[in-house]
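Reviewing the structure listed below.
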Amino acid sequence: MRQLRRKSKTVPVQRRQLKADKLLVFAISLLALLLLATPVLVLIGRGVETRAWQGLPESRLILSAITLSFLSTAAVICLAALLGSPLAWVLSRYDFLGKRFVSLFIELPIVMPPAVAGLALLLTFGRSGALGGILADAGIVIPFSIFAVILAQFFISAPFYIRSAQVGFSSIEPEIEDAARVDGAYGWLMFWYITLPIAWRALFSGMVLTWARALGEFGATILFAGNLAGKTQTMSLLVYSVFERDINAAIWTGVILILLALCALFLSQSFARAQDRLTH
C-alpha cells in the first residue's frame, strides 16, 4: 500500500515536471524564432509602411543590376552542374587517400568569411596573383569584370550543389546500377538513363540553393570584382550603394532580394519533401 501511494504521488510530480520542461523548450524555441524572423519581417513591413519603392534608384541601374545578377547566377549554376557533378560522383562512389581533406576544402568556402574568400581570389587571379599573371600575359584579365563576379559567386555557392549532388548520388542503390550494367548501360548511358532520373531532385535542390546563395553574395564579389555600376554591380551590391544615400531605396531593393531568396528556398524544400516521400 505504501508503495502504491508513493507511486501515485510520484506520477503527478513527473507530469508537472514534463509540462515545465515542455514550456521551457517552447519558450526557448519562440525566442530563437523571434531572433531569426523578426528582422526580416521588420524589413518587409518597413518597406511597405514607408512605400520604399518610391525611392528606388533610376530604373536603368535596377535593370542593369537585375540583369547582371540573373546572368551571373545562371552561369554559376551551369558551372556548378558541369564541374561539380563529376566531383560529387567521385566523392560518393570512391574511397581514396585524403578524401576527408578533399571534402573539407570543398566545403570550406561555406564557412569562410566572404572578405577572406575575395582576398584569396584576388591573390590567385589578380594581375600579380599566382595564376593571374599567366592569364594577364595571355590577355585575360579577370578582376573587376563580369568574370570576376561569376568566379566569386561560384567559389562561395558551388559547395552547396556539390554537397547536395553527393547525397543524391549516394542514395542510389548499387543493385540498380549493377542491373543496368547487365543490360549494357555504361558511362554516359548509365548517368543519363539511370543516375540522373533517380538523383535529379537532389541535383535540382542543390542548384536552387546554389542560385540563392550566389544571388545574395556580397563580400567576395565587392573585393574581387568591385562595385562598378552597369558592369559588376549585382543586386546585393546595389543595396550597399543605395544605402549610402537613401535608406528607403535600400530597404525596397533588399525586399526584392528577400522575396527571390524565399522563392528559391520554397522550391528547394518542396523538392526535398518530394524526395523524402518517394524514398520512404
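Listing for the model above:
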read-out: Residue in segment 109-124 that is outside any helix (DSSP H, G or I) and either without any contact (Cβ under 8 Å) to a residue 40 or more places away in the chain or not charged (D, E, K, R) (or both) present; value: yes
read-out: Test: residue in segment 95-117 that is in contact with a Ser or Thr (Cβ under 7 Å, 6 or more places away or on another chain) and in the same structural domain as G168 (by TED's automatic domain parsing); value: no
read-out: Filter result (free of Cβ contacts under 8 Å to residues at least 40 places away in the same chain and part of a helix (DSSP H, G or I)) within segment 130-162; value: G132, G133, I134, L135, A136, D137, F147
read-out: Flag for R127 being in a helix (DSSP H, G or I) and among the basic types (K, R); value: no
read-out: Matching helices (runs of 4 or more DSSP H) fully within segment 1-106 where at least 2 residues are surrounded by fewer than 11 Cβ atoms within 10 Å (Cβ to Cβ) and modelled with pLDDT of 85 or more; value: 2-49
read-out: Residue ranges of helices (runs of 4 or more DSSP H) in segment 187-254 with at least 1 members at pLDDT below 80 and closer than 25 Å to L267 by Cβ; value: 196-215
read-out: Every pair of residues 6+ apart whose Cβ atoms lie under 8 Å, when the first sits in segment 163-186 and is closer than 15 Å to A202 by Cα and surrounded by 14 or more Cβ atoms within 10 Å (Cβ to Cβ) while the second is at pLDDT below 70 and among the polar types (S, T, N, Q); value: S171/T279
read-out: The lone exception for F266 - which of (1) assigned to a helix (DSSP H, G or I); (2) out of contact with any helix residue (DSSP H, G or I) (no Cβ under 7 Å at 6 or more places or on another chain); (3) at pLDDT 85 or above it fails; value: (3)
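The values are calculated or read from the model by the stated rules, or taken from the named source; none is laboratory data. Worth saying up front: this structure is predicted, and the values here are computed from it rather than measured. Quick reminder, even Gly has a Cβ in these numbers, built from the backbone with ideal geometry, and neighbours come from all protein chains shown.
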